[in-house]
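Encoded as structure tokens, the structure appears first; notes follow it.
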Amino acid sequence: MSAFDCEVDIPKSSSEQKDVPLTVGKEFFLICQGDWPRDLKIESLRLELPEAQKYALKLLNFNLRDLRTADLKVVSYRTGLQKIEKLTLTDGVQPLELSSVEFQVQSVLDPGKQKNEPFGPIGPLSLSWPPIYWILIIGISTMVLSLAGFKIYRKLKRKRWLLEIRKYDNVHSPLSQVHSELRRLQRKFSFFGATSNEVFPVASEEMTETLKIITQQIGIFLIRELQINALAESPKGILTEFRRHHPQIYKEQHEALRKWQNEMKKLNAVQGTIRAQDLRQIVRESRELAESIHESMLKTSPSLQTEAGRIF
């Protein structure tokens, strides 16, 4: 026989004071009577049920009315008729056997009630679209906004870059500058005047500086002449910028530019020594490349080139 006798108490409707069905998640009470231990740890109390019924009852609160009567506020998460034969209240130290309890729990959705159907179309128009339409609309809108944002970003980026290239201002035209700098380079290092088959070590400081200056001067020429970011981009990136901003000139000159890039790549990859003849040849090809691009620029847009010459 259980030490504590418990009865189920389901709160009535507050407005009409009539019985209401017990539903899942609704709070109710177990009114239990017995000799409650004075040293009971109320804050640690919990209900222990058989494993198969562990969701049938959960303790929310424990309140002693007097020394023999206690109100256990509980809740159930199982529907149907609940018969709990073995029910134990424990604080982790003292197990207290409660009497068996029985109660009926209904679903929150009362199966006896008729389900509310959504309103149909109002007049000739339908207010609901199939989900696939919404997915397509959202997808297309996202794509359009992304493309527009990317174009605006690229336009602003180029505008900022065109302001930055003012640091390459020079009293000479782009073509005159590249000729002048390459002549200065040839006067600076004696190996340009050596015999054709004479060789020089690639790893020397002078050779490293020579190849760097040639690459840099052609890059500056392309920046000033074509307004493309030739120093920051990779060789492939330079060709891409060339095609994007000057498609007509690109058709005429991209093979020459690609050939020059490949020659410079070969020279930078050489191990050991470089012939003086090869150095003179790459300088000559650099001049010819600049002249060829300049001629195409004049032919395509002479007024633009005249203005660019005044600016730079």
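The values are calculated or read from the model by the stated rules, or taken from the named source; none is laboratory data. Please read all numbers here as calculations on a predicted model, not as lab measurements. We place every Cβ from the backbone using ideal geometry, glycine too, and count neighbours over all the protein chains shown.
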Go through the residues of segment 250-260 one by one and say whether even a single one is over 20 Å from K299 (Cβ atoms), outside any helix (DSSP H, G or I) and either touching a helix residue (DSSP H, G or I) at 6+ places or on another chain (Cβ under 8 Å) or without any contact (Cβ under 8 Å) to a residue 24 or more places away in the chain (or both). no
Under 6 Å between Cβ atoms, which residue pairs at least 6 apart in sequence (or on different chains) link something in segment 49-78 that is modelled with pLDDT of 90 or more with a partner that is assigned to a helix (DSSP H, G or I)? F62/I42
Positions within segment 250-295 being within 45 Å of the chain's Cα centre (by Cα) and farther than 19 Å from Q217 by Cβ, in sequence order: Y250, K251, E252, H254, E255, A269, V270, Q271
Whichever residue in segment 261-284 is modelled with pLDDT under 90, among the polar types (S, T, N, Q) and in a helix (DSSP H, G or I) and, among such residues, is nearest to T208 (Cα to Cα): N268
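Just for segment 260-302: of the residues that are among the small types (G, A, S) and more than 19 Å from Q186 (Cα to Cα), which one is surrounded by the most Cβ atoms within 10 Å (Cβ to Cβ)? If you could, list the steps in order and put the result at the bottom.
The first filter runs over segment 260-302 and keeps only residues among the small types (G, A, S), leaving 269, 272, 276, 286, 290, 292, 296, 301.
Narrowing the set further to residues that are more than 19 Å from Q186 (Cα to Cα) leaves 269, 272, 292, 296, 301.
Numbers: A269: 8, G272: 8, S292: 15, S296: 20, S301: 15.
Taking the candidates together, the pick is S296.
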Counted residues in segment 192-210 being aliphatic (A, V, I, L, M), part of a loop (DSSP other than H, G, I, E, B) and more than 9 Å from Q277 (Cα to Cα) come to 2
Starting from segment 202-218, take each residue that is charged (D, E, K, R) and list its partners that are surrounded by 12 or more Cβ atoms within 10 Å (Cβ to Cβ), counting only C-beta distances under 7 angstrom and pairs at least six apart or across chains. E206/F189
For segment 156-183, pairs from a residue that is among the polar types (S, T, N, Q) to a residue that is part of a helix (DSSP H, G or I) and modelled with pLDDT under 70, with Cβ under 6 Å and 6 or more apart or across chains, are S173/G309
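Please verify whether A232 is in the same structural domain as E209 (by TED's automatic domain parsing) and surrounded by 15 or more Cβ atoms within 10 Å (Cβ to Cβ), treating the condition exactly as stated. Can you show your working first?
Working: in the same structural domain as E209 (by TED's automatic domain parsing): yes; surrounded by 15 or more Cβ atoms within 10 Å (Cβ to Cβ): no.
When the stated conditions are applied, A232 does not pass them.
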Of all residues in segment 201-218 being buried (at least 19 other Cβ atoms within 10 Å of the Cβ) and not polar (S, T, N, Q), the one that is nearest to I249 (Cα to Cα): I218
